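Here's the structure, in structure tokens; my notes come after.
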Amino acid sequence: MVRVLKWLGLVILGIAALAVCVVFAARFGDGPTGPFPGGPMSGERVAEPVTDWDFIVERDTVELEVNPEAPRSITTWVVGYGGQPYIPGAFGARKKWTAQLVADGRAVLRVDGKLYERQAVRVADETLLQELGAVLVRKYELDPEGNFSGPETWFFRLDTRESPPVS
């Protein structure tokens, strides 16, 4: 029995060590690794304005980088509405990345290796929030009674980021 417990302890320790390595590698790697947040993302920067975001509507997830001073990237859901991309943040008040977007809306969206510099703007309009919640529930086949369409879910519209003036 002691031998089994010893092996079980070693297996658990090995799994914990592997998880720590994955989290560490993701934080300093090129973007997020699955559910683990990552660091800065690389890719081809798209300079021209995007006028048609239809390519994003069918995507299940995208990668989003926040906090330019200490970049942190996540994998997140995305919805399209009115020709614009929106990022939902379930339980937005509890998430670090949503707080970072509220504090400094500069974000980078990565889709198919292309980087889109955006300005994230938190949606406050109640009617729009209800419509976005309904789109989210339909797209991801969520329980309509769940928190995904209520005030716990924050939405951010990803606008074109204005270039800073050249001095």
Long-range HN-HN contacts of residue 115 with modeled amide H, under 5 Å: 44, 45, 46
task: Label region 80-143 by shape, choosing from rounded, prolate and oblate, from the square roots a ≥ b ≥ c of the eigenvalues of the Cα gyration tensor; if a/c is under 1.5 it is rounded, and otherwise prolate applies when a/b is larger than b/c, oblate when it is not.
output: oblate
12 Å reach of a label modelled at residue 59, 7 Å along Cα-to-Cβ, counting backbone N of region 95-137: 108-118
query: How much length, in nm to one decimal, is gained on full extension between residue 114 and residue 18, taken as 0.36 nm per residue of separation minus their Cα-Cα distance?
result: 31.5 nm
message: Counting only helical runs of four or more DSSP H residues, what would the 222 nm mean residue ellipticity of the chain come to if each run contributes -39,500 (n - 2.57) and the total is spread over all its residues?
response: -10000 deg cm²/dmol
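Quick one: how many lysine pairs in the chain have C-alpha atoms under 26 angstrom apart, if they're 8 or more apart or on different chains?
The number of close lysine pairs in the chain is 5.
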Which label in (i) 10.1; (ii) 11.0; (iii) 13.1 gives the computed mean projected area of the Cα convex hull in nm²: (iii)
- request: Evaluate the charge dipole of the chain about its Cα centre and quote only its size in Debye, nearest 20, assuming +1 on the Cβ of each Lys and Arg and -1 on the Cβ of each Asp and Glu.
  value: 940
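Could you state the accessible area per residue of the chain in Å², with a 1.4 Å probe and every protein chain left in place?
Per-residue accessible area for the chain comes out at 61 Å².
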query: Taking 0.36 nm per intervening residue step and subtracting the Cα-Cα distance, what contour gain separates residue 152 from residue 134 on full extension?
result: 5.1 nm
query: In the chain, which helices (entire DSSP H runs) extend 15 Å or more along their own long axis, judged by Cα positions, while averaging at least 1.6 on the Kyte-Doolittle scale?
result: 2-28
query: Tell me, what % of the accessible area of the chain is carbon and sulfur with a 1.4 angstrom probe?
result: 60
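The values are calculated or read from the model by the stated rules, or taken from the named source; none is laboratory data. As the structure is a computational prediction, the values presented were derived from the model and not from experiment. Every residue, glycine among them, receives a Cβ derived from its backbone with ideal geometry; neighbour counts consider all protein chains shown. These accessible areas exclude ligands, DNA and RNA; they are computed on the full protein's heavy atoms, side chains included. Shrake-Rupley method; radii C 1.70, N 1.55, O 1.52, S 1.80 Å.
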